[in-house]
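FYI, it's all coordinate maths here, none of it is from the lab. This is a predicted model, so every value here is computed, not measured. Cβ placement follows ideal geometry from the backbone for every residue including glycine, while neighbour counts extend to all protein chains displayed.
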Amino acid sequence: MSKKSRQFQHRLQRRDVLRVGGLMGIGLSLSDVLSRQADASAGAFGKAKQVIMMFLHGGHPQQETFDPKPDGPSDVRGPFGAISTNVPGTQFCELLPKLSSHANKLAIVRSMTHGNTNHVQACLPAQTGHKHPSDLRSRGDFPPSDTDFPPVGAVVDHLRGSSTSLPSWVRIGPLMRRSNGTTLHGQTPGFLGAGHSSFAVDQSLLDEKVEIEALKNPAGLDGLRLTDRANLRKQFNSFARELENQGDAQRLDPYFERAVSLLASKKTKAAFDLSQEPDAMREAYGKTEFGQRCLLARRLAEAGVPMVNISYCHTPSGSWDTHSQNAKKMKESLAPTLDESASALLTDLEQRGMLEETLVVINAEFGRTPKINKNQGRDHWPFVYSLALAGAGVQGGAVFGKSDKSAAYPLENPRDPADMAATLYHLLGVNPETRIYDSSQRPHSLVVGTPIDDLLA
């Protein structure tokens, strides 16, 4: 499909979405809506039923992943060469041999750009599409706030809710933090409130039989007593509302009941049970924490969880924040782990017939400096970096944008995180005119960027 055709289709979709209004949301894709109106194909809009987002905290070096510069200056390209992929004319760094065989499934953006070098702050637009107000951007590190714009997972939970015992948004891996302890922004529900927090799996997944700590029943509570506890809570909140006329208890009721249903649900516990996977499958993903997080993400997507975030942050074997020994860390740990696990996920999703409805995103807050520093590392660099997408509604084998010969600045088609967020919401089937409301009932535009049409199938 030509770019002009896609733009026309986008305008058509936008018109039709506005006509159906609130019926759209996330629960009903544009494809469903237009089919009822005897319309033509809905294209990529709403193709993603599930999203698995890997976040490489610290920022992966574009030169050593998806945008190698084999002919660039020696102090830029580093010690690694480029290899051909299964897409003619497209090269990846030699450290990604397995992902190179999946290039026909991947859409690569080589011209992502913004101007914030701070980990903590840059994670907010990376995961929400919205920047901090200008008066905050000079503050450096500061903790997340309940006034922050919410990330995609919280928005999905807000718009869709949960009609099953499964959570709408799951985070696998630790809450990402700076080495000074500051929590990175874009991981908490912000102004949507704590009721839209992620269901967190923050524990090791390497044991043969993994018991998810967050799903353990409180001591002495069986399924019957959980039901009784829920009924007791209903009675108490009803009484409290009559006496105090406060809305907090009422707002919390549905979230309490969702928590109870999670603890009591056999379906939920089965979805999180890695022991149901054969040893060969667990080995294929890699016996690393990141590998097992990817495998668990597939199980959750298969069960119907719409949004799964995987954090790949500081590990015993290294960090993507490679201020020193970048080449060593990339070669010995970071790149092989990403290569093995992401490739296994793509293969697994394809073989199960899930890739057409599951969007996989390899995301980060920024990239790394073009030049190698005195400690043989690469420092923070938001001015150009690369991201990758695959699956539902994505045009496999596409490369969008271009960086200069040093992988320092965009040469063609610069795009910022707001556009990537707009692309995600487009694929999720979210009305581009959607507004969400903070605790003061002030409206906020959800989508402020423009979808990257050239990535869409």
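Put in order of Cβ neighbour count within 10 Å, fewest first, the listed residues 354, 307, 281 become 281, 354, 307.
Checked against a 28 Å cut-off, the cross-linked pairs 216/287; 98/131; 69/374; 131/267 give Cα-Cα distances beyond that limit for 98/131; 131/267.
The H on the amide N of residue 394, modeled in the peptide plane, is under 5 Å from the matching H of 457, each at least 5 residues off or on a different chain. In terms of surrounding Cβ atoms within a 10 Å radius of their Cβ, 442, 160 rank from fewest to most as 442, 160. Residue pairs exceeding 18 angstrom between C-alpha atoms, taken from 329/402; 105/328; 371/405; 331/402: 329/402; 105/328; 331/402. Each peptide among 446-452, 340-346 gets the average number of other Cβ atoms lying within 10 Å of its residues, and from highest to lowest they stand as 340-346, 446-452.
Can you tell me the order of 132-144, 189-201 when each peptide is scored by its average per-residue count of other Cβ atoms within 10 angstrom, highest first?
Output ranking for 132-144, 189-201: 189-201, 132-144.
When you count the other C-beta atoms within 10 angstrom of each residue and take the mean per peptide, 427-436, 149-158, 70-79, 403-412 line up highest first as 149-158, 427-436, 403-412, 70-79.
Using θ = phi - 60° in the Karplus curve 6.51 cos²θ - 1.76 cosθ + 1.60, the 3J(HN,Hα) couplings for the range 440-448 round to 8, 6, 7, x, 10, 5, 6, 9, 10 Hz; x is entered for Gly and Pro. Counting other Cβ atoms within 10 Å as a rough exposure proxy, the listed residues 266, 329 run 266, 329 from fewest neighbours to most.
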